[in-house]
Each structure stands twice: as structure tokens, then as C-alpha cells.
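Participant: Structure incoming, see below.
The values are calculated or read from the model by the stated rules, or taken from the named source; none is laboratory data. Since the structure is predicted, the reported quantities are computational estimates derived from the model, not experimental observations. Please note: Cβ atoms are built from the backbone with ideal geometry, for glycine as well, and neighbour counts cover all protein chains shown. Remember, those area values only see protein heavy atoms, side chains included, never the ligands or the DNA or RNA. Shrake-Rupley method; radii C 1.70, N 1.55, O 1.52, S 1.80 Å.
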Amino acid sequence: MSEKLQKIAITPDTHTAPPAKFSHGVKKGNILQVAGQVGFGPAVPGQAPAPVGPTLREQTLQTLRNVQSVLEAGGASWEDVVMVRVYLTDTAHFAELNEIYNDFFADLKDAPAARTTVYVGLPAGLLIEIDALAVLG
């Protein structure tokens, strides 16, 4: 009989507690699932999280940094990511997203196997959300 793998919640110091019952990331064995991250700036004690700016570029870059913070807190990097899901609020943002995404990952040796983009509603002021799945080892 095999030993049950422990599930570990990941919350970087740069993040506030999630608004509902979920973790910013969960690691179980060599799998790390990063929950959907948005373009909130680093946590400031006593202040509610807020988007870093009104533009897709500002929010996308901060969202990618937020995903990266969770990856690093879980012992992973972008090189370990096998799947990325992007949630946009406006189909008109797709081309700009691709430019930002390609620039951000220009130096990445191996790109994730998949990137899915879907269009959704997000809370007021938010334009993008990104989650990621990483396999370590």
C-alpha cells in the first residue's frame, strides 16, 4: 500500500488571503496547481488588493509576476509549467495579449505544452486572469 501524498497550500508573502475558500497554489507530490491570478499589486497590510493599472499590459505583466510568485513559493519555475489558462474579458485584447505573452517568455527554453484562452466576466476593473499547472522534477 502506498503512502498518501500530502497536499500543501501555497500563499506567497506578496499575496493577500484569497477572498473565498481556496489557495493561491496547491502542491501535491510533484504537481503544483497555481490558482487563477489577477493583476493585483503586492499585498499592503491594511489595504484591499487593487489592480496595478487600467491597461491590459499593466495587468498582464503583474498577473504573470503573481503566477511566478506562487510557482517560486512552491519550488517551481516557468520551465516546470506544462499548461497555462488565460481568461480575458474582451476578445479585442487577444492580439495584444499574444505580444505581451511572447515578450515575457522570449527567454524561456521550453514553452508550456498548452495555452488555452477563454473569455469571461471578471470583477470590475480586472481584464485578465491566468492560472498554471506545473510538474516538478
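Participant: Less than 14 Å apart at the alpha-carbon level, and either on another chain or at least 8 residues along: which aspartates and glutamates does that give for Lys28?
Facilitator: Glu3
Participant: Also: How about segment 79-130: which trypsin sites (Lys or Arg not before Pro) there are in a DSSP loop, with at most 12 other Cβ atoms within 10 Å of their Cβ?
Facilitator: In loop regions of segment 79-130 (DSSP not H, G, I, E or B), the sparsely surrounded trypsin sites (Lys or Arg not before Pro) are Lys109.
Participant: Based only on Cα atoms, what mean projected area does the convex hull of segment 89-137 have, in nm²?
Facilitator: So the mean shadow area of the Cα hull is 4.4 nm².
Participant: Taking the Cα centre of the chain as origin, sum charge times position over the Cβ atoms of Lys and Arg (+1) and Asp and Glu (-1), and report the length of that vector in debye to the nearest 20.
Facilitator: The calculation lands at about 540 debye.
Participant: I would also like to ask the following. Straight-line reach only, C-alpha to C-alpha below 16 angstrom: list the aspartates and glutamates that Lys109 could link to, leaving out same-chain residues fewer than 8 apart.
Facilitator: Glu79, Asp80
Participant: Same structure, new question: Tell me, what is the per residue accessible area of the chain in Å², probe radius 1.4 Å?
Facilitator: Per residue, the chain has 57 Å² of solvent-accessible surface.
Participant: Also: Computing the accessible area with a 1.4 Å probe over protein heavy atoms, can you report the carbon and sulfur percentage for segment 1-124?
Facilitator: That fraction is 55 percent.
Participant: Using a Förster distance of 35 Å, how high is the FRET efficiency between Val44 and Lys4, based on the Cβ-Cβ distance and rounded to 0.05?
Facilitator: The value I calculate is 0.40.
Participant: Give me the base-10 log of I(q)/I(0) for the chain at each q in 0.12, 0.18 Å⁻¹, Debye formula, one uniform scatterer per Cα, rounded to two decimals.
Facilitator: With no solvent term, the Cα-only Debye profile gives -0.47, -1.02.
Participant: On to the next question. So for the pair Ala111, Ser77, with labels modelled 7 Å out along Cα→Cβ, what separation do we get in nm?
Facilitator: 2.0
Participant: Farthest toward the dipole's positive end in segment 1-98, which of Gln6, Gly46, Ala35, given Cβ charges of +1 (Lys, Arg) and -1 (Asp, Glu) about the Cα centre?
Facilitator: Selected residue: Gln6.
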